[in-house]
Amino acid sequence: MKLLEERILKDGVIKEGNILKVDSFINHQIDTSLLHDMCNEWKESFKGKRVTKVLTIEASGIAMGTMLAYSYNVPLVFAKKTKTLNLDGDLYQASVDSFTHKTTNTVVVSKKFLNKDDHVIIVDDFLANGCALRGLIEICNQAGAKVEGIGIVIEKGFQDGGRSIREMGYQLESLAIIDYMDYKTGKIIFRH
């Protein structure tokens with residue numbers, strides 16, 4: 001998506017360790033107009049798919065998940081990274097390693113919000129090694145739900161996550177795929 005690539009080049013900041021900060025327009029402060037355009041792009045990519053739920057993981061995926069779910073007129077479900085006292089009943093859970101935070105979380109979704117009749121689009125802001133996506137796919141599998149597609153804002157194409165998810169047979173639609181970035185020079189090369 002050209003508009004997103006231009007915004008990454010203009011406002012994205014590369015940090016040491018292959019970290020790309022897009023907090024001024026994606027995952028801290030959110031450019032809602034850009035978010036709207038991204039969701040329209042995903043809807044076009046998943047045209048003809050039956051969708052009953054949109055699934056994401058807290059926290060950065062919630063804004064894009066909300067807008068996409070709204071456009072389909074379906075609920076958004078987000079996997080929580082911590083089990084709180086107000087989460088009652090049976091839970092689906094998966095272990096997820098975070099590339100950015102260098103932590104492992106057990107993410108949970110209440111069984112009352114996802115089931116075998118659901119057709120799910122999964123969305124998230126970044127795809128690096130694919131751990132979060134594999135966790136969300138595992139939760140869908142536990143529920144018996146069908147994953148209809150996966151939407152990612154920024155895929156780090158130089159890491160294995162995208163390749164491994166595609167090899168699993170899922171329709172993965174990344175709006176920007178970065179094949180190279182260098183924090184010393186600030187250079188970013190997108191896949192086309």
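The values are calculated or read from the model by the stated rules, or taken from the named source; none is laboratory data. All figures in this text were calculated on a predicted structure; none of them were measured in a lab. In this analysis, Cβ positions are derived from the backbone assuming ideal geometry, glycine residues included, and neighbour counts consider all displayed protein chains. For the accessible areas, the whole protein counts, side chains as well, though only heavy atoms, and no ligand, DNA or RNA atoms are used. Shrake-Rupley method; radii C 1.70, N 1.55, O 1.52, S 1.80 Å.
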Leading residue by the ranking (most open to solvent (accessible area, probe 1.4 Å)) among those in region 137-161 that are in a helix (DSSP H, G or I) and touching a helix residue (DSSP H, G or I) at 6+ places or on another chain (Cβ under 9 Å) | GLN142
Exclusive hit being basic (Lys, Arg), open to solvent by less than 50 Å² (accessible area, probe 1.4 Å) and either closer than 22 Å to LEU172 by Cβ or at pLDDT 95 or above (or both), set LYS43, LYS2, LYS53 | LYS53
The lone condition ALA176 fails out of (1) open to solvent by 50 Å² or more (accessible area, probe 1.4 Å); (2) touching a helix residue (DSSP H, G or I) at 6+ places or on another chain (Cβ under 7 Å); (3) within 25 Å of PHE25 (Cβ to Cβ); (4) not basic (Lys, Arg) is (1)
Could we say that GLU167 is open to solvent by 10 Å² or more (accessible area, probe 1.4 Å), more than 25 Å from VAL74 (Cα to Cα) and modelled with pLDDT of 95 or more here?
-> yes
Could you please let me know if ASP37 is at pLDDT 95 or above, touching a Phe, Trp or Tyr at 6+ places or on another chain (Cβ under 7 Å) and acidic (Asp, Glu)?
-> no
Can you give me the ranges of the strands (runs of 3 or more DSSP E) entirely in region 1-91 with at least 1 residues that are without any contact (Cβ under 8 Å) to a residue 12 or more places away in the chain?
-> 13-15, 19-21
